[in-house]
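To start, the structure under review is shown below, and the notes come after it.
The values are calculated or read from the model by the stated rules, or taken from the named source; none is laboratory data. These numbers were taken from a predicted model, which means no experiment stands behind them. For neighbour counting, all protein chains shown are included, and Cβ atoms are generated from backbone atoms with ideal geometry for every residue, glycine included.
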Amino acid sequence: MIKAPKRTVILLTSTVLIVVLGVIITLLVFPSLSRLNDGRTIGTFTFTATRTIILYAGESGSRYLFGLAPDNLTTPGPTLILKRGEPVKIILKPVGALGHTFIVINSLEGILPGRRISPAFDNAKIGEEIKPIEPRSEALTVFIPDKLGTYYYICGVAGHYQLGQWGTLIVVE
């Protein structure tokens, strides 16, 4: 058996102790890092939503609607007021006969069916025009509204926004 010099053992023990203490301190200072469930990852940091909004999507006659309850869908959808920098989780639940999407955009101007739409904030999007979230299922996203102002959320499925499926999203201090 080879004996490690006493100095090497002390150095290794100190290194392990420093790493363990660093992890404990990081988890105490940044508690969201210990919850990796539905958070948004930026680099090596994971942000867990501090607020959850369930948004229902559906149809009524020839109108397409959003709402905060499955039996209270409207056009425009409810105004969502978010705090700048506060991670928010949006859960989209289509309750009608069709699939729907959710995307936060800067403006309602120039939206044309089939034209690619970019979200106003990283990850502020659920589903794709050609692959919407199916009825009686759900999907979610977590994003951080990092800029103050008035934005809009729409269903990105061709024609849905034009038939009423949109709402206002306001980011406040």
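To keep it simple, each residue is scored yes or no on (1) of a type in the set (Asp, Glu); (2) touching a His at 6+ places or on another chain (Cβ under 7 Å); (3) within 16 Å of Ile81 (Cα to Cα).
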position	(1), (2), (3)
Thr101	no, no, no
Val104	no, no, yes
Phe121	no, no, yes
Ala124	no, no, yes
Glu129	yes, no, no
Pro135	no, no, no
Thr141	no, no, no
Tyr153	no, no, yes
Leu163	no, no, no
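Kindly evaluate Ile91 against the criterion of being among the aliphatic types (A, V, I, L, M) and at pLDDT 95 or above. Walk me through it before giving the result.
Values: among the aliphatic types (A, V, I, L, M): yes; at pLDDT 95 or above: yes.
Yes: the conditions hold for Ile91.
Of all residues in the stretch 112-132, how many are assigned to a strand (DSSP E or B) and either outside the structural domain of Gly149 (by TED's automatic domain parsing) or more than 22 Å from Ile144 (Cα to Cα) (or both)?
Here the count works out to 1.
Would you please name the residue that is surrounded by the fewest Cβ atoms within 10 Å (Cβ to Cβ), looking only at residues in the stretch 120-139 that are farther than 20 Å from Tyr56 by Cβ and touching a residue at least 12 places away in the same chain (Cβ under 8 Å)?
Applying the filter and picking the extreme gives Asp122.
Go through (1) touching a residue at least 24 places away in the same chain (Cβ under 8 Å); (2) within 22 Å of Thr52 (Cβ to Cβ); (3) assigned to a loop (DSSP other than H, G, I, E, B) and name the single condition Val142 misses.
So the condition that Val142 fails would be (3).
Considering only the stretch 87-111, state which residues are in a strand (DSSP E or B) and surrounded by fewer than 20 Cβ atoms within 10 Å (Cβ to Cβ).
Lys89, Ile91, Lys93
Of these, Gly167, Gly149, which one is over 21 Å from Ser60 (Cα atoms), of a type in the set (Gly, Ala, Ser), at pLDDT 95 or above and in the same structural domain as Leu65 (by TED's automatic domain parsing)?
Values: Gly167 fails: over 21 Å from Ser60 (Cα atoms).
Step by step, each of Gly167, Gly149 is checked, and only Gly149 is over 21 Å from Ser60 (Cα atoms), of a type in the set (Gly, Ala, Ser), at pLDDT 95 or above and in the same structural domain as Leu65 (by TED's automatic domain parsing).
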